[in-house]
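The structure under discussion appears below in the form of C-alpha cells.
Throughout, read-outs are computed from the coordinates displayed, never taken from laboratory work. All values reported here derive from a predicted model rather than from experimental measurement. Neighbour counts run over all protein chains shown; Cβ positions are idealised from the backbone, glycine included.
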Amino acid sequence: MDLITPGFGLIFWQAVVFLIVVFILGKFAWKPILKSLKDREDSIDEALNEAKNAKEEMAQLKAENEKLLADARLERDQILKDATAAANKIREEAREEAGKISAKMVEDAKTTIQNEKKAALTEVKNQVAELSLLVAEKLIKKNLEEDKAQKALVDDFVKDLNVN
Amino acid sequence: MDISRRFRPNKSLKISFLSILIIVLTSNFTVFASGGDGEEFNPGEMIMHHVKDAHEWHFFDIGETQVTLPLPIILYSEKNGFVSFLSSKFHHGETSYKGYKLDHSGHIVAEDGHEFYDISITKNVAALFMGSILMIIIFLSVAKGYRKNEGRAPKGIQSFFEPIIVYVKDEIVKPNVGPKYQRYLPYLLTLFFFIWFGNLFGLLPGAANLTGNIAVTLVLAVFTLIITLVSANKNYWGHIFNPPGVPGPLKIIIIPVEIIGILSKPFSLMLRLFVAITAGHIVILSLIGLVFIFHSWQVGIVSTLIVTFINIIELLVASIQAYVFTLFSAMYIGMAIEEHH
C-alpha cells in the first residue's frame with residue numbers, strides 16, 4: 001500500500017471494472033444518448049434548412065409575382081396605348097370622312113344650285129322670250145290699230161318687266 | 001420567473017457543494033478528536049493513512065474503538081490456490097490468519113515467504129465498485145430520459161448531464177481527435193466521467209482516494225496508450241521511425257526520443273492526475289493536522305477557513321483534471337490517427 005508503487009490488486013480491478021463500465025455505458029448509455037443528440041441536431045438542422053428554403057421560395061414567389069405584375073402593367077400600358085391610337089385613328093378617319101362628306105355635300109349643293117340657276121335662267125329666258133313674243137304680238141296688234149296707243153303699251157310692258 | 005428558473009440548478013449545486021464541505025469538515029474533526037489524547041499525534045502517518053489504500057475502510061474512532069468496515073481479502077498463489085477471508089481476521093495487523101499477516105505498512109505478507117497475488121477488495125476497489133455502479137445507474141437513467149423524452153427538451157438528470165456530454169463531445173473530443181471521433185467517444189466519455197466522479201467522491205469525508213491512486217491512473221493512462229497504438233496509422237509510425245526532413249545521422253538521436261515520447265505521454269497522464277488529486281488531499285489534511293499539532297482552537301478557526309477555501313478549489317481541480325486527462329487522451333489519439341497532409 002505504498003504511495004507511488006501501484007498495487008497489483010487495484011490495477012487488476014481497475015482494468016476489469018473500467019472495461020466493464022466502458023462496455024456497459026458504451027452499449028446502453030452512450031450509444032442511445034449520442035444517437036438522440038445526433039437526431040436532435042439533424043432535426044434542428046433540417047428545420048433550419050426548411051425555413052431557409054421556405055424563405056427562398058417565398059422570395060422567389062414574390063419576385064415572380066412582381067414580374068407578373070410588371071408584365072401586366074406593361075401589357076395594360078400597351079393596350080391603353082393601342083386603344084388610344086385606335087381611337088385617334090378612328091376619330092381622324094371619321095373627321096376625314098365627315099370632311100369628305102361635307103365637301104361632297106357642298107359640291108352637290110353647288111352643282112344643284114348651279115343646275116337650278118341654269119334651269120331658272122333658262123326658264124327666265126324662255127319666259128322673257130315668250131313675253132317678248134307676247135309683247136311683240138300685242139305691239140304688232142296695237143301698232144296696227146293706233147301708233148300712239150302702241151307706244152303707250154310698250155312702255156307699260158317695259159315698266160312691268162323692270163318690276164319683275 | 002424566468003431568471004429564477006435559470007438559476008435553480010446553480011443554487012442546488014451550490015447547496016450540495018456546501019453540504020459536502022460541511023460534512024468534510026465535521027467528519028475530519030471527529031477523526032482527530034479522538035486521536036489527540038493518548039499517543040503522540042503523527043501528522044505524516046495520519047495523512048498517509050488517509051491518502052493510501054487499505055484493506056479495511058476506516059471511518060472514525062470513538063474512544064479506543066475504531067469504527068471500520070472490514071473488506072474481503074482475496075489471495076491467489078500456486079501453493080494455496082484462492083484464499084479468501086475478511087480483513088477483520090487480522091485484527092488490525094495484530095494476528096496472522098491462514099499463514100498470512102499484515103506488515104507494518106499494511107501489506108499482506110506470507111509467513112513462509114511464498115509468492116502470491118493480492119486481488120483483495122481494498123478500500124479503493126470498494127470505492128471503484130460503488131463509483132462504477134453509480135455511474136452505470138446515472139447514465140442508464142440519462143439514456144432512459146432520451147428514450148422517454150424523444151424529440152422533446154431534456155428533463156431532470158438528463159438535462160444536468162446533457163450539456164456536459166455535449167461539451168466533452170464537441171469541445172474536447174471532436175476538435176482534437178478529428179473526423180473519426182465517433183469511434184473514440186464511448187471510451188473518452190467514460191474516462192471523463194469516471195475521473196470526474198472519482199475526484200468528487202474522493203473529496204467526500206471518509207471516502208477513498210481513488211483517482212489519487214497511482215494504480216488507477218496507471219491503468220487509465222495505459223488504456224489511452226493501447227488505444228493510441230492500436231489505432232495509429234502509417235503516418236504516425238512514419239513520423240517516429242522515419243521522421244521526415246531529419247538528416248540521416250540525426251535520426252540516431254531523434255528516433256529514440258520519439259520512442260520515449262510514446263511512453264512519456266501516458267506517463268505524464270498517469271502522474272498528473274495522481275499528483276494533482278493526492279496533493280490536494282495532502283494539503284487539506286496538513287492544514288487540519290495543524291490544529292492537532294498546535295493544540296489550539298484559534299489555529300482551528302484559521303485552518304477551517306483555509307480548508308474551506310481549498311476544498312472549493314479542489315472541486316474545481318476535480319473538474320479540471322477530468323477535463324485535462326480526457327483532453328490529452330483525445331489529443332494523443334488524434335495525433336495517432338491524423339492523416340498525412
Practice prompt. Could you pull the Cα extents of the stretch A:1-133 along its three principal axes, largest to smallest, in whole Å?
Written response: 180, 26, 9
Fill in: Three principal axis lengths of the stretch B:72-120 [C-alpha, angstrom, descending]
26, 20, 16
Worksheet item: In sequence order, what are the phi-derived ³J(HN,Hα) couplings for the stretch B:48-63 according to the Karplus relation 6.51 cos²θ - 1.76 cosθ + 1.60 with θ = phi - 60°, rounded to whole Hz, with x for glycine and proline?
Response: 4, 4, 7, 7, 8, 6, 8, 8, 9, 9, 8, 9, 6, 10, 10, x
Discussion item. Using each residue's phi in the stretch B:85-97, evaluate 6.51 cos²θ - 1.76 cosθ + 1.60 at θ = phi - 60° and report the 3J(HN,Hα) Karplus result to the nearest Hz, with x for Gly and Pro.
Written reply: 7, 7, 5, 5, 5, 7, 6, 6, x, 7, 10, 9, 9
Fill in: Whole-angstrom gap from the stretch B:38-59 to the stretch B:232-255, using each part's C-alpha centre
49
Practice prompt. In whole Hz, with x marking every Gly and Pro, tabulate ³J(HN,Hα) for the stretch B:257-269 from phi via Karplus 6.51 cos²θ - 1.76 cosθ + 1.60, θ = phi - 60°.
Written response: 4, 5, 5, 4, x, 4, 7, 5, 5, x, 4, 5, 4
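I need the Kirkwood Rh of the stretch B:43-201: take the reciprocal of the average 1/r across all distinct C-alpha pairs and report it in angstrom.
Values: mean 1/r = 0.0519 Å⁻¹.
Its Kirkwood hydrodynamic radius stands at 19.3 Å.
Which whole-number percent of Cα pairs in the protein assembly as shown have a distance greater than 40 Å?
On the way: 67235 of 127260 pairs.
The proportion of pairs with Cα distances above 40 Å equals 53 percent.
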Response to the item:
A:Leu134 and A:Lys151 label points (each 7 Å along its Cα→Cβ direction) are spaced in nm at 2.5
Response to the item:
With the dipole of the stretch A:53-163 defined by +1 on each Lys or Arg Cβ and -1 on each Asp or Glu Cβ, the option from A:Leu80, A:Ala103, A:Leu68 whose Cα lies farthest towards the positive pole is A:Ala103
Item to complete: For A:Lys151, go through the lysines and keep the ones whose alpha-carbon is under 18 Å away, minus same-chain ones fewer than eight residues off.
Response: A:Lys138, A:Lys141, A:Lys142, A:Lys159
Worksheet item: What residues qualify as long-range amide H neighbours of B:Tyr117, i.e. H under 5 Å apart, gap of 5 or more or another chain, H built at 1.01 Å from N?
Response: B:Tyr76, B:Ser77
Practice prompt. Quickly rank B:70-79, A:114-123, A:35-44, B:147-156 as a protection proxy: mean count of other C-beta atoms within 10 Å, highest first.
Written response: B:70-79, A:35-44, B:147-156, A:114-123
Worksheet entry | Candidate lysines for bridging to A:Lys62, where Cα separation is under 24 Å - those fewer than 8 sequence places away on the same chain excluded | A:Lys52
Worksheet item: Taking the alpha-carbon centroid of each part, what is the distance from the stretch A:72-131 to the stretch B:80-130 in angstrom?
Response: 141
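Other chains near B:210-223: what is the mean number of their Cβ atoms within 10 Å of each residue's Cβ? Provide the component values of the computation, followed by the final result.
Working: counts 2, 0, 1, 7, 8, 11, 8, 2, 5, 11, 3, 0, 3, 5.
Counting other chains' Cβ atoms within 10 Å and averaging over B:210-223 gives 5.
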Practice prompt. Please work out the Cα center distance from the stretch B:183-211 to the stretch B:141-159, rounded to the nearest Å.
Written response: 23
Discussion item. Stokes-Einstein diffusion coefficient for the stretch B:283-338 at 10 °C in a medium of 1.306 mPa s, Rh from the Kirkwood formula over Cα pairs: what value in µm²/s?
Written reply: 117
Worksheet item: Label points 7 Å out from Cα along the Cβ direction at A:Val124 and A:Ala109: separation in nm?
Response: 2.2
Worksheet item: Peptide B:106-117: average number of partner chain Cβ atoms within 10 Å per residue?
Response: 1
Worksheet, complete the sentence: Projected onto the charge dipole of the stretch B:72-120 (unit charges on the beta-carbon of Lys, Arg, Asp and Glu, signs +1, +1, -1, -1), the Cα from B:Pro72, B:Tyr100, B:Ala110 with the largest positive-side position is that of B:Pro72
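Report, as an integer, the average count of C-beta atoms from other chains found within 10 Å of each Cβ along B:162-171.
Numbers: counts 4, 0, 0, 5, 4, 0, 0, 5, 2, 0.
That works out to 2 on average.
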Worksheet item: Straight-line reach from B:Lys144: which lysines have Cα under 21 Å away, leaving out those fewer than 8 places along the same chain?
Response: A:Lys27, A:Lys31, A:Lys35, A:Lys38, B:Lys155, B:Lys169
